[in-house]
Structure formats: C-alpha cells, structure tokens
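The values are calculated or read from the model by the stated rules, or taken from the named source; none is laboratory data. Note that the coordinates shown come from a computational prediction; the quantities given were computed from them, not determined experimentally. We place every Cβ from the backbone using ideal geometry, glycine too, and count neighbours over all the protein chains shown.
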Amino acid sequence: DAKTTQPNSMESNEEEPVHLPCNHSTISGTDYIHWYRQLPSQGPEYVIHGLTSNVNNRMASLAIAEDRKSSTLILHRATLRDAAVYYCILRENSGGGADGLTFGKGTHLIIQP
Amino acid sequence: GAVVSQHPSWVICKSGTSVKIECRSLDFQATTMFWYRQFPKQSLMLMATSNEGSKATYEQGVEKDKFLINHASLTLSTLTVTSAHPEDSSFYICSAKNRLIYSNQPQHFGDGTRLSIL
C-alpha cells in the first residue's frame, strides 16, 4: 500500500470545525482513501472513504485534492467524543478488500472544552 | 449494523498459560477476518488473515505456532496465544469483511482484547 503522512497531533476547541490533513503523494489511480479513528481503549471505527470526489456522511466530510495527492477529513463541529487517533489509509481497489489494513501513526486529535 | 464482537475484553493470566480470544460477526457473514496487535503508544500491526475453512495467512515475523487461528464458521474466528509470556502482553483487535459486499468496503472492528501476562 502507498504511504500516507499525517501530523502527529492536532488540537481544536469544542464545537469548532476540524480539518485533519493527509498527504499521499505516491497514491495510485486505483487507491481509495479511507479514514478510521480509534478512541482510547477501543478498536478502530470506520469514518469515511472516497476515490476522487468529495464525500459526505453523518460523521464527517472528505475533501480530496484534484491531483489526489492529499486529502482532508473535516469534522464540522467537534465534540469531546471526537477526541481520538485518526488514521488515513490507502487501499487498493483490487481483491475486494481482501487485505488487512496498514495503519500509520495517525493524528492524535485533542479537543479542548 | 455490521457489528463485530470480541471476547473477552481483557484477560490477566500467568506466564505459560494459553489464552483464546473470540471474534464474532454478529449481523453478517465474514469469509475473511483479520487479527491485529497494538502495543502501548504504537499503531495497529496486522498479524494474520483468517479465512473461513482454510489456513490463516500470517504476516512476516508472526509465529504461526504461537498464534493459532481457527476460522471454523462464517461468523467466528478465534486466536489462541499459546504459552503466553509477558512480551505477548498487548491489545489484540480483530476485524471482519462482509462476504456479501465486494469492492472497497470498510472493515468492521471489534473493541479489542487487552491481554496482560504476569
């Protein structure tokens, strides 16, 4: 899987938007961009994924650069429950997702009340 | 939907004991499940891929005789840490893939099992 680069940590205030960046300059044309988050002492939780177009769901939005070499996860209104480690992961489209995920170090998001 | 349950949530046992961890997909069938390990302040590392009805595939550096995986049904995979030692203490997490959904789908994770070997 191609490599992703994320800031080690970010801090934001409660009820404000949060933009979590991810660089993936070696992304291939068939790689999907996935985001997961891991709350303390829990397993990872799927957040969102996309290929080329921006995506929205009930949890977040994913903005993908036109050249696909970077993406941004957007939490529109952060709450204390959003404090977690956020992982940006590239997944090849082949194989139907039969491979396990390769986790980097992720971004530790701290939310201040 | 898409719930994965892991049991037990935590276990403390003496060195030399074998420990079995269960991973169940509660509302879908999973032909493939994955086992990860996470040491404190580190990221998740894939240990092995568990395939229903066949042998597991282990990542490089993971001892297959120490970490026994059984995937006997479409909803259950087990990981047995044999003769566990303190260095095996870790957070073990499983995930599952819905067999009915192809293509680039999310993986569904359990809440993990914290294993402490004294």
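Values computed for the structure shown
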{"item": "Matching residues, the range A:90-113, being under 21 Å from A:VAL18 (Cβ atoms), at pLDDT below 95 and more than 8 Å from chain B (Cβ to nearest Cβ)", "result": "A:PRO113"}
{"item": "Residues located in the range B:14-57, provided they are over 22 Å from B:SER73 (Cα atoms), in a strand (DSSP E or B), touching a residue at least 40 places away in the same chain (Cβ under 8 Å) and out of contact with any Leu (no Cβ under 7 Å at 6 or more places or on another chain)", "result": "B:ARG37"}
{"item": "Candidate set: the range B:54-79, residues that are among the acidic types (Asp, Glu) and loosely packed, with under 13 Cβ neighbours inside 10 Å; chosen: the one farthest from B:SER18 (Cα to Cα)", "result": "B:GLU63"}
{"item": "Conditions (1) more than 19 Å from B:PRO8 (Cβ to Cβ); (2) in a loop (DSSP other than H, G, I, E, B); (3) of a type outside the set (Phe, Trp, Tyr); number of the one not met by B:SER83", "result": "(1)"}
{"item": "Flag if B:LEU44 is buried (at least 24 other Cβ atoms within 10 Å of the Cβ), out of contact with any Ser or Thr (no Cβ under 8 Å at 6 or more places or on another chain) and not polar (S, T, N, Q)", "result": "yes"}
{"item": "Residue satisfying all of: in the range B:58-67; outside any strand (DSSP E or B) and not acidic (Asp, Glu); farthest from B:SER83 (Cα to Cα) among these", "result": "B:GLN60"}
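Rundown of residues vs (1) basic (Lys, Arg); (2) on the phi < 0 side of the Ramachandran plot; (3) within 14 Å of the chain's Cα centre (by Cα); (4) more than 14 Å from chain A (Cβ to nearest Cβ), yes/no style:
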position: B:ASP65; (1), (2), (3), (4): no, yes, no, yes
position: B:SER77; (1), (2), (3), (4): no, yes, yes, no
position: B:ALA84; (1), (2), (3), (4): no, yes, no, yes
position: B:GLN105; (1), (2), (3), (4): no, yes, no, no
position: B:THR113; (1), (2), (3), (4): no, yes, yes, no
